[in-house]
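Every number in this text was worked out from the coordinates using simple rules, so none of it is lab data. The shown structure was predicted, so the numbers you read here are calculated from the model rather than taken from an experiment. All Cβ positions, even for glycine, are placed from backbone atoms using ideal geometry, and neighbour counts span all protein chains on display.
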Amino acid sequence: MKRTFLIFVYGCQMNAYDGDRLRGAMKDMGWSESDDVMDSDVVIFVTCSIREKAEQKVMSELGRFRPLWEKNRRPFVALLGCMAQRTGLDVAKKFPWVRVIAGPRSLGLVPMSIASALAGGGPFICLDSPTELDDLSCAPARANNGHKAYITITHGCDQFCSYCIVPYVRGRFGSRAPGEILNEARRLVEAGAVELTLLGQNVNSYGKDFAASKKNYSFANLLSDVASINGLKRLRFTTSHPVDFTDDILDVMVSHRGICPGINLPVQAGSDKVLKEMNRKYTKAQYVDTVNKIRASLPELGLTTDLIVGFPGETDEEFEQSLKLIEETRFDLVHSAAYSPREGTPAAKRTDQVPPPERARRLALVNETQSRVSAEINEALVGRSFEVLLDEAAPKGEGLLQGRTITDKVVLVKANPAMAGTVREARITGSSPWCLDGELL
């Protein structure tokens, strides 16, 4: 009897990459993928812990399995990823249908644990060591949508920002071997990928942990080698840390046309005091200097950032400095969030927490300010033409495909769905804060 599985992925692109690999590993074991909970033997959740809301959503979903489990003892659940590492033991006690729990560094143990749980064993608890890695050996068999794919190049993080749970749930920083990454990239391109995105909590620290024999192989070297793969049209990477965005990275980006000048450079706050308390290791002036240097080398730059409002102790004046930074730096997009206390982090222990209503007020102001800036930036692009990698059907609008420019601007065009995966030139005919309207030339 053929067994069936269903995967739900929450959170970051690294989780999407892990979900793709798990999908391949389960199929290699002879399982088939379902699209319905009722027809599944196991439901796999790949989870996120970056904010409390992400965990609450998964907890709500887990609760819905009670009547099915009590009636049929099927399906059972595998809870994986950051939330599993942080709260897995408590979840297992609360929800007996969760039979497999594994952190992000223990994915290699998951397929056989699922098979054993199906035979009546468990629960199987595979929580991570902060330094050991028991990873899946398989890579995604194909691009996640046929023409775009992700590759995780690092695991964990050693930055220990005071608000961030990542080092505690994903462990210490480690770089994958260059040959392993390049082989995976070539296989994905051969399978039809025309765009790859290199992933990591801090991609530009890649290689800093290598032994002396590989000490000269840096993120810039990896960028150059991947960008040189025949058949690859576009290369992206995320996320970067301002301290590690070095000149050699810029040099490689300038010399390889296929490396997209769309950069996410998280700033997190506009106040030097708040940045210091966040343990970000740079000042506002140093951040702005880095941005200016990048813009001088890459005139056609799409710059996005991450910003937290309501960090413990943040005053009105310090928050105003974040608003001023948005006005002055003119990001194309800001991924903004109200501070969310994460148990186990230094910031969560502070007694000067900003009240939730005030956090919400500040978040609304940031979004209002950035919406205006984004609208102004996008309006200035109307009438210009850009190469657009057509992606998939637009969420709204019959007959529309959405694609992206090299600077990561979303463009909506009328196009045949068969054009997905191709690069076409489009003239921009309209704009909004979040996307552009275009017509194919």
Coarse-grained scattering of the range 332-441 at q = 0.11, 0.18, 0.19 Å⁻¹, given as base-10 log I(q)/I(0) from a Debye sum over alpha-carbon atoms: -0.50, -0.84, -0.89
Once you measure Cβ to Cβ distances between cysteines in the chain, which Cys have no partner under 4.7 Å? C12, C48, C82, C126, C138, C157, C260, C435
Taking one equal scatterer on every alpha-carbon of the range 73-118, how large is log10 of I(q)/I(0) by Debye at q = 0.16 1/Å? -0.37
When the chain is modelled as a GNM with alpha-carbon springs shorter than 10 Å, which of G120, G262, G81 fluctuates the most? G120
Inter-site label distance for T422 and E190 at 7 Å from Cα along Cβ, in nm: 2.6 nm
For R361, placing the label point 7 angstrom along Cα-to-beta-carbon and taking the range 303-319, residues whose amide nitrogen sits under 20 Å are 308-319
The exposure ranking of V366, V388, V288, V334, fewest beta-carbon neighbours within 10 Å first, is V288, V366, V334, V388
Farthest toward positive dipole pole in the chain [+1 Lys/Arg, -1 Asp/Glu at C-beta], among T304, T87, V100: V100
At R0 = 45 Å, FRET efficiency that the Cβ-Cβ distance of K2 and S255 yields, to 0.05: 0.35
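Would you kindly state how much longer the chain becomes between A380 and M59 on full extension, computed as 0.36 nm times their sequence separation minus their alpha carbon distance, in nm to one decimal?
On the way: separation 321, 0.36 × 321 = 115.56 nm, distance 4.39 nm.
Extending this stretch completely gives an extra 111.2 nm.
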Contour minus Cα-Cα span, K208 to L136, at 0.36 nm per residue, comes to 23.6 nm
Modelling each spin label as a point 7 Å along the Cα-to-Cβ direction, I'd like the E300/K281 distance in nm, to one decimal. 3.3 nm
GNM of the chain, Cα pairs under 10 angstrom: of H241, H147, H256, the biggest fluctuation goes to H256
Options (1) 23.2; (2) 25.5; (3) 21.4 - which one matches Kirkwood radius over Cα pairs in Å as calculated here: (1)
Pairs from K2/K27; K324/K409; K273/K293; K273/K324; K57/K148; K57/K94 whose Cα-Cα separation, in the structure shown, is over 18 Å: K324/K409; K273/K293; K57/K148
For the range 385-440, the Cα convex hull volume per residue in Å³ comes to 68 Å³
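From largest to smallest, what semi-axes in whole angstrom does the range 1-106 give when each is the square root of 5 times an eigenvalue of its alpha carbon gyration tensor? Provide the component values of the computation, followed by the final result.
Details: eigenvalues 81, 65, 25 Å².
Equivalent ellipsoid semi-axes, largest first: 20, 18, 11 Å.
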Which of V254, I294, L325 sits closest to the plus end of the dipole of the range 225-346, meaning its Cα is farthest towards the positive end, when Lys and Arg get +1 and Asp and Glu get -1 on the C-beta? V254
In what order do V100, V42 fall by count of nearby beta-carbon atoms within 10 Å, going from fewest to most? V42, V100
Kindly put E398, E33 in sequence by how many other C-beta atoms sit within 10 Å of each C-beta, fewest to most. E398, E33
Whose amide H sits under 5 Å from the amide H of A338, counting only residues 5 or more places off or on another chain, with H placed in the peptide plane? V309
